[in-house]
Amino acid sequence: MGRRSSHTPQQLRDLILNAAQEIIESHGLAGLSAREIARRIDYSPGIIYNMFENLDDVVLHVEARVLEDLEARLSAVARDGDVIDAALRMSSTYLTYAAERPQLWNLLFEHHLPKGAPLPPAYQQRFEALAARIEEVLAPLYPETAVEACRQCARALWASVHGIACLATADKLSAVTAENAGQLVEILVRNYLIGAQSSA
C-alpha cells in the first residue's frame with residue numbers, strides 16, 4: 001500500500017525519474033515497470049500516472065537527462081587546435097560515455113514510442129543540441145556558406161562513431177575487426193575528415 005504523499009509534485013517527479021533511471025541502469029529497459037518504480041519509492045503505482053502521462057513519458061524524461069549529460073560531456077571537450085584532433089577527442093568522449101553507461105546510452109536508441117506518436121519538441125531540441133556540438137568542431141573545415149554540408153558531415157560522422165560504439169557495447173566488435181573501438185574510431189575520424197578537408 002502506498003504512503004500518503006509527503007513530497008511536493010516536483011520532488012515526486014524527481015523520485016520517480018531517479019528510480020526509473022536506477023532500474024534501467026541495473027536491468028535495462030526490459031526491467032522497467034510502473035510497479036517496480038512504485039515499490040522503490042514506496043508509493044502506489046497510481047502516483048506515477050498522476051505525475052506523468054504514461055510510462056513512455058517517464059522514459060522520455062530519463063532519456064532527456066541522458067542527452068543533457070552527454071551534451072555536457074561533449075561540450076567540455078577542448079575544441080582548440082587541429083580539427084581532426086578535436087574531433088578525435090569528442091569521438092573518444094562519446095565512446096567512453098557509451099562504455100561507462102551502456103544501459104542508459106542504449107536507451108536512447110532502444111526505446112520507441114507507439115507508432116504515430118510524435119517526439120516532444122524539447123526532446124528533439126536536445127538531440128539537435130548534441131549534433132550542434134559536433135558541427136561546431138567541424139565548422140572550420142567549411143566556409144560559412146556551406147552550413148548544410150557541415151551539418152551532413154557531422155551527422156554522418158556521428159552515425160559512424162555510434163555504429164562502432166554499438167558493436168563495442170554489444171561485445172561484437174571482435175567479429176568485425178581485430179582493432180579495438182578506440183583504434184577503429186581513430187582510423188574512421190582521420191580518414192573521413194582528411195577526405196572532408198580535401199573536398200571542402
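Any read-out appearing in this document is the output of simple, stated calculations on the displayed coordinates, not a laboratory observation. Just so we're clear, the structure is a prediction, and the values are computed from it rather than from any experiment. All Cβ positions, glycine included, derive from the backbone under ideal geometry; neighbour counts span all protein chains shown.
If we keep just the residues of segment 54-77 that are crowded, with 17+ Cβ neighbours inside 10 Å and over 14 Å from the mean Cα position of the chain (by Cα), which is nearest to Gln125 (Cα to Cα)?
So the residue we want is Val58.
Matching residues to (1) of a type outside the set (Val, Ile, Thr); (2) farther than 23 Å from Leu188 by Cβ:
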| site | (1), (2) |
| --- | --- |
| Ile37 | no, yes |
| Ile48 | no, yes |
| Glu71 | yes, no |
| Ile84 | no, no |
| Leu88 | yes, no |
| Ser92 | yes, no |
| Arg101 | yes, no |
| Trp105 | yes, no |
| Ala122 | yes, yes |
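Answer with yes or no whether Asp80 is surrounded by fewer than 17 Cβ atoms within 10 Å (Cβ to Cβ), of a type outside the set (Phe, Trp, Tyr) and under 11 Å from the mean Cα position of the chain (by Cα).
Details: surrounded by fewer than 17 Cβ atoms within 10 Å (Cβ to Cβ): yes; of a type outside the set (Phe, Trp, Tyr): yes; under 11 Å from the mean Cα position of the chain (by Cα): no.
No, not satisfied.
Please determine whether any residue of segment 142-155 is under 27 Å from Val62 (Cβ atoms), assigned to a helix (DSSP H, G or I) and not aromatic (Phe, Trp, Tyr).
Yes: segment 142-155 contains one or more residues that are under 27 Å from Val62 (Cβ atoms), assigned to a helix (DSSP H, G or I) and not aromatic (Phe, Trp, Tyr).
So which of Ala149, Ala129 ends up being touching a Phe, Trp or Tyr at 6+ places or on another chain (Cβ under 9 Å), more than 15 Å from Ile84 (Cα to Cα) and either in contact (Cβ under 8 Å) with a residue 12 or more places away in the chain or aromatic (Phe, Trp, Tyr) (or both)?
Ala149
Could you tell me which of the residues Ala168, Ala122 is in contact (Cβ under 8 Å) with a residue 60 or more places away in the chain, in a helix (DSSP H, G or I) and either within 19 Å of Leu70 (Cα to Cα) or in contact with a strand residue (DSSP E or B) (Cβ under 6 Å, 6 or more places away or on another chain) (or both)?
After applying the criteria, what remains is Ala168.
Just one of Ile16, Ile37 is more than 17 Å from Leu108 (Cβ to Cβ), out of contact with any Pro (no Cβ under 9 Å at 6 or more places or on another chain) and part of a helix (DSSP H, G or I); which is it? Lay out the reasoning, then the answer.
On the way: Ile37 fails: out of contact with any Pro (no Cβ under 9 Å at 6 or more places or on another chain).
So the residue among Ile16, Ile37 that is more than 17 Å from Leu108 (Cβ to Cβ), out of contact with any Pro (no Cβ under 9 Å at 6 or more places or on another chain) and part of a helix (DSSP H, G or I) is Ile16.
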